[in-house]
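Novice: Quick one: this structure, given as structure tokens, is what I'll be asking you about.
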Amino acid sequence: MAAPESSPSLKVFNTLTQRKESLDPLRPGEVRLYVCGPTVYSYVHLGNARTFTAFDVVVRYLRYRGYRVTYVRNLTDVDDRIIQAAQASHEEPRLLADRFVQAFDEDVRALGLLEPDVAPRVTDNMPEILALVQKLLDAGAAYASDGDVFFAVSAWPGYAKLSHRNVEELRAGEGGVAGERKRDSLDFALWKAEKPGEPAWDAPWGRGRPGWHIECSAMAVKFLGQPFDIHGGGLDLIFPHHDNEIAQSEASAKAPLAKVWMHTGFLEMENAKMSKSLGNVVRLRDALARVDAEALRLFFLSSHYRNPLVFSEAALTEAERRLEYFYETLQRVDERLALREVQMAATLGDSGRFLRAFERSMDDDFNAAEGQAALHALFTEMNLLLDRPPVTDRDRVACTLAELRAEVRPFGQVLGIFQQSPARWLEWRRDRLVERRGLDRARIEALIAERAAARKARDWARADALRDALATLGVELRDSAAGTAWKVRDEP
RNA sequence: GGCGCCAUCGCCAAGUGGUAAGGCAAGGGUCUGCAAAACCCUCAUUCCCCGGUUCGAAUCCGGGUGGCGCCUCCA
């Protein structure tokens, strides 16, 4: 593992500067990362999952590279949409939020996402939010108006620098409306005055609740300091959410909020972004009921994180089939290595070459899609050694296989795959396919036994007829010296 | 209208100035009683179109065409 200082080559695309920059942490060897988490008013969908998976891999790779990473991913549990959803289901907003926080944790754990170091909730951080609003009021960057508090965009010269928009043009667009309460149509709420039946907290300027953007500013700075290294989220958060965070934090502290801003591309459904407002969402938990979590991760990582990715059942099926190839190879390698004592011997090939190629890809703005080429090459090499070894010395082949097997681990660790034992994963997949096709194990085993007898009697016609019958059921046979193994094909 | 993104083999996809990664599918082969799996080979003189810059462009610039996003909640 390379020391962080020795990898100045790690490049990250920064939305703020719109170019790739060398990652140069504010504190040597340490990366402080904040990712905007979900607003908990419903279940997470695959679009959200894609973003969180992308940052999960960012964290894993930075740690693999030797950085100490502090990863904060918030839970927004006070919000208009939560209140709306709670009213619709005649539930306390707090309870509804709790319910979806729990669902989020379950779903995201099933996806294999690492726990963030801190997962702060708005309701647990009101003092910091109140303090930030007060600070902005004191600085003249905000004003109270009938119990609401607004941020004064005109008091902050750098407004919208992240989205690279022109303030005048934003004003010309629809936007909000200036009126008795808002001085400028672009001003946004830091605090919303209490309304009947809504959650509210005491504040010097009147009871109410925080506006949408203030919580991220307050919590990010509380847990990471200001400035910190990387702030991330989906592309749709650039404006206004991240621009507003920047405005609030920088106007209050006269220092940058974050050095690098990273944004993930959209997951699309039939040429439209997957979003709750369009109603074209697939929930993460529903997807995980149909496809393996690691296969889903492989699908997310098949395209660069900033590019749009189109969702399809076929792509998911392909990803799971690819994962099956990986696990089958791992199982074969493990079986081979368990066969007998191996004498130390010189290994074949250039040790670590696949991993180095992977690192080159990942160093270039976390290009996991490109990095998968190295992963495939590594597996092809293992299969080659298994079936067509280039030398006859068994110890050399075995030692090389052991070395390559060890090289697989970092890939798995960074991408969040290969976390199951091969045998267990393959069994799990077969069980699921058996169930999906409504197959009868006893009958399959009986047919295989019958075929074995036919083969022993050299009755090839009978044996082939039985194999064809099994193939019709979706069962595929693999004859070997050890006997006949069977698997189930995934497509009817 | 403003800001921004995308267009690469049948499908997915990397590559953003030095002569087209990888996966899936397809065809051929090795292996096999026959298969399957695995491996090997083949599979884009070409990167939406038209101009330009350059010794050199999928990559840069200008202009089109098509698709998408943000500007209102959104990962």
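Novice: What do you get for the angle between helix A:93-110 and the principal long axis of chain A? Use alpha-carbon atoms, 0 to 90 degrees, nearest ten.
Specialist: The answer is roughly 30 degrees.
Novice: OK, next. Which loop-located GluC sites (Glu not before Pro) does segment A:262-312 contain, where loop means any DSSP state but H, G, I, E or B and the Cβ has at most 11 other Cβ atoms within 10 Å?
Specialist: Values: sites: A:Glu268, A:Glu270, A:Glu294; in loops: A:Glu270.
Counting only loop positions with at most 11 other Cβ atoms within 10 Å, the GluC sites (Glu not before Pro) in segment A:262-312 are A:Glu270.
Novice: Now a separate question. Filter the GluC sites (Glu not before Pro) in segment A:311-356 to those in DSSP coil with at most 15 other Cβ atoms within 10 Å of their Cβ, and list the result. Walk me through the intermediate numbers first.
Specialist: Numbers: sites: A:Glu313, A:Glu318, A:Glu320, A:Glu324, A:Glu328, A:Glu335, A:Glu341; in loops: A:Glu341.
Here the GluC sites (Glu not before Pro) that fit, given the DSSP loop and packing criteria, are A:Glu341.
Novice: A further question on this structure: Can you give the calculated 222 nm mean residue ellipticity of chain A, where each DSSP H run of n ≥ 4 adds -39,500 (n - 2.57) and the sum is split over every residue, rounded to the nearest 500 deg cm²/dmol? Provide the component values of the computation, followed by the final result.
Specialist: Working: 16 runs with 228 residues, N = 492.
Counting only the DSSP helices, I get -15000 deg cm²/dmol.
Novice: Can you tell me the orientation of helix A:394-415 relative to chain A, as the angle in degrees between its alpha-carbon axis and the longest Cα principal axis, to the nearest 10?
Specialist: Tilt relative to chain A: about 20 degrees.
Novice: A further question follows. Between A:Ala469 and A:Arg332, how many nm apart are label points set 7 Å from Cα along the C-beta direction?
Specialist: Placing both labels 7 Å beyond Cα along the Cβ direction yields 2.9 nm.
Novice: Going by the alpha-carbon gyration tensor, a ≥ b ≥ c the square roots of its eigenvalues, is segment A:1-149 rounded (a/c under 1.5) or, if a/c is not under 1.5, prolate (a/b greater than b/c) versus oblate? Walk me through the numbers before you get to the answer.
Specialist: Values: a/c = 2.52, a/b = 1.40, b/c = 1.80.
Here segment A:1-149 falls in the oblate category.
Novice: Turning to a different aspect of this structure: At a Förster radius of 60 Å, what calculated FRET efficiency corresponds to the Cβ-Cβ distance of A:Ala255 and A:Ala377, to the nearest 0.05? List each step's numbers first, then the result.
Specialist: Numbers: r = 45 Å, r/R0 = 0.76.
So, using R0 = 60 Å, E works out to roughly 0.85.
Novice: Moving on. What percent antiparallel are the DSSP beta bridges of chain A, to the nearest 5? Could you put the intermediate results ahead of the total?
Specialist: Numbers: 25 of 46 bridges.
Bridges in chain A that DSSP calls antiparallel: roughly 55 percent.
Novice: Could you work out the relative contact order of chain A, using alpha carbon pairs under 8 angstrom and six or more residues apart, expressed as a whole percent? Numbers along the way, then the final one.
Specialist: Working: 734 pairs, mean separation 73.4, N = 492.
Relative contact order comes out at 15 percent.
Novice: Hey, another quick one. Nearest 5 percent is fine: what portion of the DSSP beta bridges confined to segment A:4-290 is antiparallel? Could the numbers behind the result be given before it?
Specialist: Working: 19 of 37 bridges.
Counting DSSP beta bridges with both partners in segment A:4-290, the antiparallel share is about 50 percent.
Novice: Moving on. Would you mind getting the Kirkwood hydrodynamic radius of segment A:64-163 from its Cα pairs, rounded to one decimal in Å? Walk me through the intermediate numbers first.
Specialist: Numbers: mean 1/r = 0.0593 Å⁻¹.
The Cα-based Kirkwood calculation yields 16.9 Å.
Novice: Shifting gears a bit: Filter the cross-link list A:Lys456/A:Lys487; A:Lys135/A:Lys276; A:Lys182/A:Lys259; A:Lys195/A:Lys276 down to pairs whose alpha-carbon distance in this structure exceeds 29 Å. Don't skip to the end; give the middle numbers.
Specialist: Details: A:Lys456/A:Lys487 22 Å; A:Lys135/A:Lys276 35 Å; A:Lys182/A:Lys259 31 Å; A:Lys195/A:Lys276 26 Å.
Check vs 29 Å cut-off fails for A:Lys135/A:Lys276; A:Lys182/A:Lys259.
Novice: Taking every DSSP beta bridge with both residues inside segment A:145-283, roughly what % is antiparallel (nearest 5)? All intermediate terms of the calculation are to be shown ahead of the outcome.
Specialist: Working: 10 of 16 bridges.
About 60 percent, rounded to the nearest 5.
Novice: While we're looking at this one, here's another question. Using only the alpha carbons, work out the radius of gyration and Dmax of segment A:180-313 in angstrom.
Specialist: Cα radius of gyration and Dmax of segment A:180-313 are 18.9, 54 Å respectively.
Novice: Next question, about the same structure. What is the spin-label model distance, in nm, from A:Lys195 to A:Asp124 if the labels are put 7 Å beyond Cα along the C-beta direction?
Specialist: Label-label distance for A:Lys195 and A:Asp124, simple model: 2.8 nm.
Novice: Would you tally the net charge around A:Gly47, using a Cβ to Cβ cut-off of less than 10 Å, leaving A:Gly47 out, and scoring K and R as +1, D and E as -1? Don't jump to the answer; show the numbers that get you there.
Specialist: Details: positive: A:Arg50, A:Lys273, A:Lys276; negative: A:Asp236, A:Glu268.
Around A:Gly47, the surrounding residues sum to +1.
Novice: Hey, another quick one. Taking every pair of distinct Cα atoms and averaging 1/r, then inverting, what Kirkwood hydrodynamic radius in Å comes out for chain A?
Specialist: Its Kirkwood hydrodynamic radius stands at 25.7 Å.
Where a number appears in this text, it was derived from the coordinates with a stated rule and is not lab data. Bear in mind the structure is a predicted one, so any value in this text is a computation, not a measurement. Here the Cβ is made from the backbone with ideal geometry for all residues, glycine too, and neighbour counts use every protein chain on show.
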